[in-house]
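The structure appears right after this line, and notes come after that.
All of the numbers you see were taken from the coordinates with simple rules; none came from a lab. Since we're looking at a predicted model, the values are computed, not measured. With ideal geometry, Cβ positions are generated from the backbone for all residues, glycine too; neighbour counts draw on all protein chains shown.
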Amino acid sequence: MMQVVNPVRFQDFSLESATQAVQEFKDQPGALLEALHKLQATFGYVDEAAMPMLAKLFNLSRAEVHGVTSFYHDFRRSKPGVYTVRVCQAEACQAMGSAALTDAIKAQLGCGLHETSADGLFSLEAVYCLGNCACSPSVMVDKQTYGRMSPERFKTLSAALAANAKGGN
Ligand code: FES
């Protein structure tokens, strides 16, 4: 039986709470990255509506804030699914069929990499080595790693996660 993680709950975005969340970085000229991380940790993504507020806070242009946000691929620009599924694409996992696994997961969820399934449950991302090479191919759901993943096992896992998300609401 695979261990199922509980979904991470993020706050709903509002400009007011975003402004509050980053106040601690005010007057720290180099802290834009930290502020972006804080927003992502609080809301699960960096909302477009926060950009002018950040520009003002750090005395930057909106274009500069946009530039930093899009340069780092870690920052999500839209609300994530309840769970984030990361499929390892690095060498050991590739040798054990991660490309086919990724295709099967995409088909099952009906979304591509960097997208979220229509039911809002799963965001799909690529990752490059989860330190679990001995059990390739590996997948991570939020912070839980699962080895020897297959399309069939992923079906079982995603069904258990979906049930867990419903139970947790
Ligand atoms: S290559 Fe996939 S876990 Fe290391």
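A cut-off of 5 Å between modelled amide H atoms, ignoring neighbours fewer than 5 places along the same chain, links Thr84 with Ser123, Asp142. So for the stretch 1-132, averaging the separation of alpha carbon pairs under 8 Å that are six or more residues apart and normalising by length, what relative contact order in percent results? Computed over the stretch 1-132, the figure is 21 percent. In this rough spin-label picture, where each label sits 7 Å from Cα along the Cβ direction, the Arg148-Glu34 distance is 4.5 nm. Cβ screening of the chain for cysteine pairs under 4.7 Å finds these without a partner: Cys111, Cys129, Cys133, Cys135.
Mean projected area of the convex hull spanned by the Cα atoms of the stretch 83-168, taken over all viewing directions: 4.9 nm².
Using C-alpha pairs below 8 Å separated by at least 6 residues, the relative contact order for the stretch 113-153 is 24 percent. Taking a point 7 Å out from the Cα of His66 in the direction of its Cβ, the residues of the stretch 30-47 whose backbone N falls within less than 17 Å of it are 46-47.
D by Stokes-Einstein for the stretch 15-71, Kirkwood Rh over Cα pairs, 4 °C, 1.567 mPa s: 118 µm²/s. Per-residue extension of 0.36 nm, minus the Cα-Cα distance of Ala163 and Ala126, leaves a gain of 10.9 nm for this segment.
The chymotrypsin sites (Phe, Trp or Tyr not before Pro) of the stretch 6-98 that meet both conditions, a loop assignment by DSSP and at most 15 other Cβ atoms within 10 Å of the site Cβ, are Phe10, Tyr72.
Taking only the Cα atoms of the stretch 1-98, the radius of gyration and Dmax are 16.5, 52 Å.
To the nearest 0.05, what FRET efficiency results for Lys106 and Leu15 with a Förster distance of 22 Å applied to their C-beta separation? Efficiency at R0 = 22 Å is approximately 0.05. Starting from the stretch 1-52, pick out the trypsin sites (Lys or Arg not before Pro) whose DSSP state is loop and whose Cβ has at most 12 other Cβ atoms within 10 Å. Sites meeting the loop and neighbour criteria: Arg9, Lys26. Averaging the sequence gap over all C-alpha pairs within less than 8 Å and six or more residues apart, then dividing by the number of residues, gives the stretch 15-71 a relative contact order of 33 percent. The radius of gyration of the Cα set in the stretch 50-98, together with its Dmax, comes out at 16.7, 49 angstrom. Rounded to the nearest whole angstrom, the semi-axes of the ellipsoid equivalent to the chain, taken from the Cα gyration tensor as √(5λ), stand at 33, 18, 13, largest first.
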